[in-house]
Amino acid sequence: MKKQDLYYDEIRASYICSGVVAAKIKKLWIPGTKAVGESGDSILINLQKQVFAIADSPDWNKSASSGFLRSFNEWLNTNVLEDHLGCRDSKDEIDAKSLVESINSVIGNVDYFSPTTFSCLIVVPRDKAGSMGLVLHSGDSCIFKVDVKRKRLSLVTQTNFSMIGRTKKLSQVEYVEIGDATRFVLCSDGIHELTRRNVKLEQLIPDCFAKHEVDSIPDILVSGGCEYEDLKFNDDISIIALDPTTLSGKNFNNYTLIYNGI
C-alpha cells in the first residue's frame, strides 16, 4: 500500500488517506435493542478529482444517497469536470454557470422517489498558488470550515429542505477561501447528535482538530473522543475530515469510495 492510497483502518473503523482525509459513518442505534440500523448516509471520496461529498437519504429509501453519488461520480470520471475547471476569470474562479448546468443535468435524472441531500466540496488549484474550494449543496447535510490556527468553526452550507430528486438543480453554489490553516468537515445532519451533552460543535470540532491528527477526527468525534463518552445515536452520522492543503502537487491514484456505512 502506498502512502497516498485510501485504505480501511480496522481499529478506527474509518477510511483514511494518511494526513489528507478520513471518513466514517456511525449507524443509528435502534431503541430498546443493542442493534444498529441500516444506514441511509453515503460518502464519496475521489482523490484524483479532489472531490468530497456527503449524501443522506430518507429512511424509506436508504439507497437513494449512494445511487446519486454513483451517478455523480460517473460524471466526475469523464473529462467534463476538467473542461470546466479550466475556465477561470481574472479572480481565478471557475466558470460556475456552465459547470452548474452540467451538474444540474445529472440532478435532473434523479427520480422523485429517490430523494437525497448533497453537500460537495471540490478543491480547485489556483492558477498562481494555493487552492480554493467550490461548494455544491442541496438539503440539510453540512460543510464546516475549520480555522485550526484561530480555533474557529463556520458553517459554509445553507441548510434547506431542497432534496435532490425533489429539486432539479443545486440550491447553493459558492466559493470558499482555503488558507494554510483551513480544514473541512463534511457531515450529515446527524452531527447534531454530538451536542446532546450540551457541548457546541463550535467548541467540539476545533478542539478535536487541536488535539488529534486528521486521520483520527471522524472516529474521535463519533466514538466519544475529546473527553466525551460514547453515545448511542438516534440518527446516522457520516463525517469526512479533510486537510485540503495536503492535496497540492500530489498525484493520487483514482481511489473512489462510496458506501452506506461500516
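Readers should treat all values here as calculations from the given coordinates under stated rules, not as data from a laboratory. Since we're looking at a predicted model, the values are computed, not measured. Reconstructed Cβ throughout: ideal geometry from the backbone, glycine too, with neighbour counts over all protein chains shown.
Near Ile239, within a Cβ-to-Cβ distance under 11 Å, what is the net charge of the other residues, with Lys and Arg +1 and Asp and Glu -1? Charge balance near Ile239 sits at -1. Between the C-alpha center of the stretch 49-67 and that of the stretch 180-220 there is a gap of 21 Å.
Could you work out the relative contact order of the stretch 7-259? I mean the mean sequence separation of Cα pairs under 8 Å and 6+ apart, divided by the number of residues, in percent.
The value is 28 percent.
Placing a pseudo-label 7 Å from each Cα along the Cα-to-Cβ vector at Ser248 and Ser71 gives an inter-label distance of 3.6 nm.
Cα centroid separation, the stretch 98-145 to the stretch 153-177: 8 Å. Among the listed pairs Lys145/Lys200; Lys26/Lys211; Lys26/Lys151; Lys149/Lys200; Lys27/Lys168; Lys24/Lys128, those with a Cα-Cα distance over 27 Å are Lys27/Lys168; Lys24/Lys128. Charge tally around Ser216: other residues with Cβ under 12 Å, Lys/Arg +1 each, Asp/Glu -1 each, net -1.
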